[in-house]
Structures are given as structure tokens and as C-alpha cells.
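Have a look at this one.
The values are calculated or read from the model by the stated rules, or taken from the named source; none is laboratory data. No experiment lies behind these values; they were computed from the predicted model shown. A quick note on method: Cβ atoms are made from the backbone with ideal geometry, for glycine too, and the neighbour counts reach across all protein chains shown.
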Amino acid sequence: MTIVSYEDAPVPIRLDLLEAHQRAWQRLASPGTWLTGATRVAIAQEVRNAKQCSLCVERKAALMPYNVTGTHDTVSDLPEAQVELIHRLATDSARLRRNWARELIESGLSEEEYVETVGVACTTISLDTFAYAVGMPSREIPMPVDGDPKKVRPTEAKQGDAWVPWIAPDDASDGDRETFGPGVSNIRRALSLVPAEAHGFFDLVSNQYLSAEQMKDFATKFRAITRAQIELIAGRISAINQCAY
Amino acid sequence: MGEAEGDGGVPNGAMLVNFAEAIAGDDAQRLQDARNEVTATLGADGLVDACGIAATFNAIDRIADSIGIPIDDVRLEPTAEFRRELGIDAFPSRLES
């Protein structure tokens, strides 16, 4: 597999961040828990394609996006429901609805595939946003790695207050108490129906933002910018995205 | 979401808000100018860290939106007033989570 490089970056990229991005790309192209490497790579390609999709452009401009019907412009053979999920995530995530998610799942995309697709798409969005922000082209998506998904659903995952099942704090196994147990925020358990996807995404978060432990430590400066500066950027991005969480 | 003004009590706050807005937008020149200003003020390491934060939240917001996770119980009451004041409770994602 091609190892992602930042030799063309306009500024030096710290080593732990480079290595986290290399792990993320490698993970993205490898077989997941429910999806093959080829499907995961196709998801990344659809994320990049969504910006040019005429249906997505029309929906984004519409006051009532759910009234705009049509077919997505695609670059893959992914099922329609999966393309809808990826394109809406990439272009108009603030107006997603519980019924919309359930309809995608009832149309054939399993709950586990839904969650893993979200994880892969958001990993791609994060890596591409970093490249765009720092001033370099998006990295080439790696070739898919052969292999079969393990297709193991955590027995402790149950339907809770989110739109898909997750591992509730009191249900976390001993091995997952640190990541999904009591005291852990809901965002960290969001992808817990597919634990490997949750662990992988938050490996990226730990190096781009802060680890769970670092988040609780307001006295230590872990980055070149202060904690207040970090949270200001985070807050402004989330406000622009109209994310209530 | 409206335009932000001032530093908000955070050193170089206005500059960082402008950088975040440029990253979220599609004006390449605005982003280049904002990037140059951040680099000149906070150094290359500061730029990289600012980019990492923006990259994280541009993705994590979409996870929250698509999984429909509720606001954590411990945060619900302490944040109620400012969520109301800032109009966050009116976000479509808040109405659906």
C-alpha cells in the first residue's frame, strides 16, 4: 500500500499527526467490520464526488431538501441508499432526520453498514479538510486491501436515544469501559455499534485535537495554540455546520 | 450562522474565527490570506494545530448529525441558557436529536 506523505506540505507536519493520518488512510482502505476495502475506498471517492453532484447542489439550496427528488451523480457501484448517506453527510448534514436514517436502513443498508459508512465518510472528510486547510491537494485515496469483513456485532449494543443502536455506558464490556463506559461523552460512543470504527476515528481525533485524557486536563498546554484558541476554532466550525451537539 | 466579531476574549480570536470560516468556505484567496496571517502570528506549528482542530470538528459534527446523538445529560442543564441565547436549540439537528 502507498504510504501517505506530506513532503509537499507548505509547513512541517508534526510526526505524530503524520503517523495518525497514515494509519487513518491505511484503515480506510482495509477491510472493515462490515465493509470490504473496495467498498470503503468507494465511500471515500463518493465523499469527494458529492460536491459536484447536481442533486446535492439543488438540495443544499432548497428550503425543504426532502422535497427535492432525483438521482445522485455517482462514481461508484455503491447501493443508492449508501450513496444518499454519503452525499448528504458531505453536503448537508445539519438537516438530517431520524426518519431519513431509518428509511435508509429499512431500504437495505444494515444498521452496522450505516454506522461504518458514517465512520469512513467522516474520516475522509477530516483528512481532506486538513489538506485543504493547510494548503495542499487532497491525498490520493489508497488502493483497497483484499480481505473479508469480520461481521461481528457487539452483543452489548442496544437501541438507545440515538438513531442507531450503540453501547450504553453501563453495558460497556471490561475491555471497552474506557472508550464507551460511564463518564464517556455520547460523541465517543456514537459509532460504538462498530467498535473498530469508533476506535479508529478517535485515534485520528486524539492526534488532530486532543485525547480523552488531554481533554480533561485544562492546566497543560498540549498544542502550539492554547486551549481557548482550540475551543474557539472548534466552536466556530460547529456553528457554521449548525451542529447542535 | 451570522458573522462573528472581535476576539471574544481569546488571544487572536478574530483571526482564528476568520481562519475557521475560510476553511468552511470555498474562497481560495480568503483561505490563503487567512492561512498566511495565522502562520505569521502563531507560527507553522500553530497553523498545523489550527488545521487539525478544524478538520476534526468538520467531521465530528457530521457524526453527531447522522447518528442523532443526544446532548450528554451532564451538559444539558449547564448549557441550556447559552444554547437558547445563541439560537442553537433552533438548529435542525437539535430538533431531531
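Select, from A:Leu191, A:Leu232, the only residue that is assigned to a helix (DSSP H, G or I), at pLDDT 95 or above, in contact with a helix residue (DSSP H, G or I) (Cβ under 9 Å, 6 or more places away or on another chain) and within 13 Å of another protein chain (Cβ to nearest Cβ). Give the derivation first.
Working: A:Leu191 fails: assigned to a helix (DSSP H, G or I).
None of the others qualify; the one that does is A:Leu232.
Right, next: Name, by its number, the condition in (1) buried (at least 18 other Cβ atoms within 10 Å of the Cβ); (2) of a type in the set (A, V, I, L, M, F, W, C); (3) free of Cβ contacts under 8 Å to residues at least 40 places away in the same chain; (4) over 25 Å from A:Ser192 (Cα atoms) that does not hold for A:Ile13.
Every listed condition holds for A:Ile13 apart from (3).
Which one is farthest from the chain's Cα centre (by Cα), of the residues in region B:9-63 that are more than 8 Å from chain A (Cβ to nearest Cβ), in a helix (DSSP H, G or I) and of a type in the set (Gly, Ala, Ser)?
B:Ala40
How many residues are out of contact with any Ser or Thr (no Cβ under 9 Å at 6 or more places or on another chain) and either among the small types (Gly, Ala, Ser) or at pLDDT 95 or above (or both) if we restrict to region A:211-220?
Total meeting the criteria: 2.
Every residue, every condition in (1) in the same structural domain as A:Glu140 (by TED's automatic domain parsing); (2) surrounded by 18 or more Cβ atoms within 10 Å (Cβ to Cβ); (3) not basic (Lys, Arg), yes or no:
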residue	(1), (2), (3)
A:Asp8	no, no, yes
A:Gln26	yes, no, yes
A:Thr33	yes, yes, yes
A:Gln52	yes, no, yes
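Any residue at all in region A:219-228 that is closer than 29 Å to A:Ala29 by Cβ and surrounded by fewer than 15 Cβ atoms within 10 Å (Cβ to Cβ)? Break it down stepwise before answering.
Within region A:219-228, the first condition is being closer than 29 Å to A:Ala29 by Cβ, and the residues that meet it are A:223.
Pick out the ones that are also surrounded by fewer than 15 Cβ atoms within 10 Å (Cβ to Cβ) and you get none.
Within region A:219-228, not a single residue is closer than 29 Å to A:Ala29 by Cβ and surrounded by fewer than 15 Cβ atoms within 10 Å (Cβ to Cβ).
One line per residue, one yes/no per condition, for (1) within 9 Å of another protein chain (Cβ to nearest Cβ); (2) under 22 Å from A:Thr33 (Cβ atoms); (3) touching a residue at least 24 places away in the same chain (Cβ under 8 Å); (4) small (Gly, Ala, Ser):
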residue	(1), (2), (3), (4)
A:Phe130	yes, no, yes, no
A:Asp148	no, yes, yes, no
A:Ala168	no, yes, no, yes
A:Gly200	no, yes, yes, yes
A:Asp203	no, yes, yes, no
A:Lys216	no, no, no, no
A:Thr226	yes, no, no, no
